[in-house]
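Okay, so here's the structure we're looking at.
Every read-out reported here was derived from the displayed coordinates using simple, explicitly stated rules and does not represent laboratory data. Given the structure is predicted, the values throughout are model-derived calculations rather than measurements. A quick note on method: Cβ atoms are made from the backbone with ideal geometry, for glycine too, and the neighbour counts reach across all protein chains shown.
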Amino acid sequence: MFRWKATAATIAIAAIALTGCAGGGDDSGTSDSGRADRLTLTAIIGPTSYDIGQGAEYGNRSPFFQAVFDTLLQKNGEGEIEPWLATDWEYNEDNTVLTLTLRDDVEFTDGTPLDAEAVVASLERFRDGTAPQAATLAGKEFAATDATTVTITQPAPDPSLVNLLSIAPGLIQAPSTFDDPDSATEPIGSGPYVLDTAASVTGTTYVYTANPEYWNPDVVKYDNLTINVIEDPTATLNALKAGEANGAKIVNNDTIPEIEASGWTIEANELDFQGLLLFDRAGTMAPELADVNVRKAINMAFDREALLEALQAGYGTVTEQVFPTTSVGYDEALDSTYEYDPEGAKELLAEAGYPDGFTLNMMSTAAFQTTFDLVAQQLADIGITVNYTDPGTGNFITDMLAPKYPATWMALEQNPDWQLINFMIAPEATFNPFGSQDPQVDEYISTIQNGTQEEADQATKDLNAWIVENAWFAPFFRVQGTYAVDADTDLEFWPSNAYPSIFGFSPKN
Amino acid sequence: MLAFIFRRLLSGVILIAVISFLAFLLLYAAGGDIPRRILGENATADTVAKKAEELGLDRPLLTQYFDWLTSAFTGDLGRSWFTGELVTTSVTNRVAVTLSIVIGATVISAIISVVVGVLAARRGGAVDGTVQVFSLIGFAIPGFLIALFLVLVFAINLGWFKATGYVPLTTSVAGWLSSVTLPIIALSIGAIATVTQQIRGSVIDAMSRDYVRTLRSRGLSTNSVVYRHVLRNAGGPALAVLAVQFIGLLGGAVIVEQVFAIPGMGQLTVRATTLGDIPVVMALVIVFAIIVVVVNLLIDLAQAALNPKVRLS
C-alpha cells in the first residue's frame, strides 16, 4: 500500500507543477516596445488556402489573411476606406479607370519589393483564380504605369471597386510564391505578422510573430499573434473560461449571458439577415408567387419579434429590408411595412384568388430545423402549406441556385450597396436565380452605376423602397454577430465584417 | 510464423484496397456539391465550375479513383481541399497526437484494470461489489460527459490543466502533460470499466480450475499462483478485449478531441468527412485500416507468446 501512497503523492506533485503552465491569462503585460507580448484569438474557421488565387477571403477568415498580407486600401473602425498600400486613388471622368499611387517603402517578407508590378500580378492572380470573390474583378485590366502607379481599367463603372480593394480582392501576395504549391500553407506577404509554420498546425492553430520590417509598426500592438480554430461552441466557451484566449468569435448567442458573467466584454454588429428569399417572382415554378399580394401576404404572416426571440434569444433586430443600416438606401420606416397580421394576410391571399391557400415547395436542412418548423407553422396560419425537401447539407446552396425551389429560407450577408445589388437584386445576381427583372429596377441600378453620387444615393433609396414594396424578399431579422474579448483587451469592432480587424485589438494598460 | 505474418499482411493490403474503393464510392454518394462548399455562397456559378475543374471533379468517377490510387502508391496523397495542406503532413502530424492519447489511455486502463480486476476477483465481498458498481457507472456514463466534467473542474475551476489545445511533447513536457492528461482520463474510464470486468471474470474462472488447485496443493503462495499462472491464462481474452478497446478508443477520440479542441485524427476525421475533403478522408481511412490490421496482428502474436497452445498456423 505504501507504493500506492507514493504514486498518489507523485501524481499530486505533478498536478501542482502543471498548474504553472496551464492557462494563458498572464500574457498581456506590455513589453518595452509598448506592445503586449501575445494576442490569442479563437476563430470558427481556418483559411482554405493562403494562395490568394485560391483562397483569399474575408468574413470569418479575414484575420488569417490580414495578419500576413496587406490590402491596397484599408477600412477603419467606422467602415470608411483609408489609404494603406495605396496612398492615393482617383477615378477618371467616366469612372472606368482607377489610378492608384503606391507607397515606395514596402517589401515582402522574402525581401522582394512590393511595387506596381507585384500589385498587378497579384490582382491578376485573384481575378483569374478560384477564390470565392474572384468574379468581382472579372473583366478588369491592370497595368503598372511606373513603379508606384497602378491603373485598373474596367468596361463599366463599378461602385464597389474601392471597397473590394480593402478586402480579399485587394490582398497583395509576393509574386515570387506564385509557382510554389506550398504557398497554400506558407504565405509570403508584406503584412504585420509572419506565419511561424513550425509552430502552427494547419487548420487548427496559426502562430504568427510580428514582422520586424513592417512599414507601419504603430498599428501592430502585439509581438505575437495566435489564432486557434475551434469549431465546437462548447470548446470555445471552455477556452474563454480557462483564460486561454483574449478574443473569441461567438456563434451561439444563447451563451452571451454566461460569457458576460465570466467577465468578458461583448462586441456586436449586424451583418446577416435571415428570412425568406421569394425567388420566383414571375411565377414560373410557383404561379402564386407572381402575384405581389401573395408575396405581401407571406411578409405579413411572420411575427418577426417572436421569431427573433425564439431563434436568436432576442439578439438581433427585426427588419423587412435586405439593405443594411449602413446603406444610404436604408430607411427605418420601411421596417414596419408589413405588420404581423395573419387575418389581413388571408384576405390578401383571397383577393389574389387563393382563399384556401396553396402549397409551397421549399428546402430545409437539419441544422436549422427549429427555424423551418416555425416558418412552416406561421405560413400554415395563413393557409400556405409548406412542403419541405432536405437536399443534403452539401447541396443546399447548389439546389437553391439551380434553381430548384421557388422560395427558400436563407441567411445572407448584407454587403455594401453595389455588391449587395449584384449579389441578390440585379438580373444576373447569384441570389436572383430566376433572373427576376423589372424596368424600374433596371433604371435604379443604372443610375446607381452611372449617376452622380447624389443621384446614386437617391436611386439606392428608391430601389430599396421598391424591393420592399414589391416584396421580393421576406426578411425576418438581422442576426447579432458576436465577439467576446477578455478584461485585458480593448476591441474596436468593424461594423462590416464578421470577424474584427486584427488592428482593432489593443492591450488595456 | 513468418508465413503467418506474411499472409496476414497480404490480406491486410487487400482489405485496405477494398475499403479504399468503398470509401471513395460512399464519399461521392454522400458528396454533394463540394466546390460550392469550399467557396461558399459568395461565389458565382462560373467560379464554382472552375473550382470543380481545378480539383479534377469534372472527370469520370473511376478515373478519379484510379488517379488517386496510382498517386497514393507513389506516396502522393494530394493536398487537402479545405486547408491546402499536404495530406501526408496533415495526417502524420495528427496521428502522433491521437496515438499519444489513445496509447496513454490504453496503458492506463490496462494497468488499472489488471490491478482492480484481480483485487475484485481475489477479495470478493464488499471490494468486489464496489468495483462492480463503479464499473457499471464508468461503463454507463458517455465519454463526452466525463470530458466536460473534467474540463469544468480541473481546467476551468482549478486551472490545473489546459481546457483546449495541444502542446507537442517536443515543445514542453509539462505543457504536453497538461494538454493530454484530461483527454486520457476521459477516454480511459469507459475502457477501465470494460476491461476490469473481463479480467475479474477471467481470474474468477481460472481460480476455480483444476490446475490452480494443483498449484495450491504444491504449496505455492496465492500471489504466485495468481500473478504467474492465473493471469497468464486470463491474459489472452483480456488482451483481445484490450485490442478491441484500443480500436474503440480511436473512435472515442473523435468526441474527446472535439471537446478539448485537440488537433488529432478524430478532429480531422470529423472535419474532413463533414466537409467532403476527399483526399484527407481517404488518407484517414487508410491509416485507420492499417492501425486495425496491425493491432489485430500484434494481438495474435502476443496471445501466441502468452499461450503456446494458440497456434498461429
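Report the Stokes-Einstein translational diffusion coefficient (µm² s⁻¹, integer) for chain B, Rh taken as the Kirkwood radius over Cα pairs, at 20 °C with viscosity 1.002 mPa s.
96 µm²/s
Counting Lys and Arg as +1 and Asp and Glu as -1, each charge on the Cβ, what is the dipole of the protein assembly as shown about the Cα centre in debye, to the nearest 20?
The calculation lands at about 7840 debye.
To check my understanding: the extent here is largest minus smallest coordinate of the Cα atoms along each principal axis. What are those three numbers for the range B:29-125, in Å, largest first?
So the extents along the principal axes, rounded to whole Å, are 73, 34, 24.
Can you list the trypsin sites (Lys or Arg not before Pro) in the range A:292-363 that are in a DSSP coil and have 15 or fewer other beta carbons within 10 angstrom?
none
Which value in nm describes the separation of the simple spin-label points at A:Asp179 and B:Ser208, placed 7 Å from the Cα toward the beta carbon?
7.8 nm
D for the range B:149-301, whole µm²/s, Stokes-Einstein with Kirkwood Rh over alpha-carbon pairs at 25 °C and 0.890 mPa s: what number?
Taking Rh from Cα pairs, D becomes 133 µm²/s.
Which of A:Leu240, A:Leu164 comes first, and how do the rest follow, when ranked by fewest Cβ neighbours within 10 Å?
With the fewest neighbours first, A:Leu240, A:Leu164 line up as A:Leu164, A:Leu240.
Round to the nearest 10 and give me the degree value, 0 to 90, for the angle of helix A:342-351's Cα axis relative to the longest principal axis of chain A.
The two axes meet at around 50 degrees.
Convex hull volume of the Cα atoms in the range B:231-293, per residue, in Å³?
So the per-residue hull volume is 86 Å³.
Using only Cα atoms and rounding to the nearest 10 degrees, what angle (0 to 90) does helix B:2-31 make with the longest principal axis of chain B?
50 degrees
Under 37 °C and 0.692 mPa s, how fast does the range A:126-219 diffuse according to Stokes-Einstein, given a Kirkwood radius computed over C-alpha pairs? Answer in µm²/s, whole number.
209 µm²/s
Take A:Glu343, B:Glu257, A:Glu270 and order them by how many other Cβ atoms sit within 10 Å, fewest up front.
Taking fewest neighbouring Cβ atoms as first place, the list is A:Glu343, A:Glu270, B:Glu257.
Over 20 Å between Cα atoms: which of A:Lys404/B:Lys51; A:Lys221/B:Lys162; A:Lys346/A:Lys404; A:Lys75/A:Lys221; A:Lys221/A:Lys508 fall into that group?
A:Lys404/B:Lys51; A:Lys221/B:Lys162; A:Lys346/A:Lys404
Farthest toward the dipole's positive end in the range A:187-331, which of A:Thr317, A:Gly243, A:Pro287, given Cβ charges of +1 (Lys, Arg) and -1 (Asp, Glu) about the Cα centre?
Positive-end residue among those listed: A:Pro287.
Just need the Rg to Rh number for chain A, please, alpha carbons only, Kirkwood Rh.
Rounded to two decimals, Rg over Rh is 1.02.
Quick check on the exposure proxy: order B:Val87, B:Val280 from fewest to most C-beta atoms within 10 angstrom.
B:Val87, B:Val280
For the Cα atoms of chain B, what angle does the longest principal axis make with the long axis of helix B:45-54, in degrees from 0 to 90, nearest 10?
In chain B, helix B:45-54 runs at an angle near 60 degrees to the longest axis.
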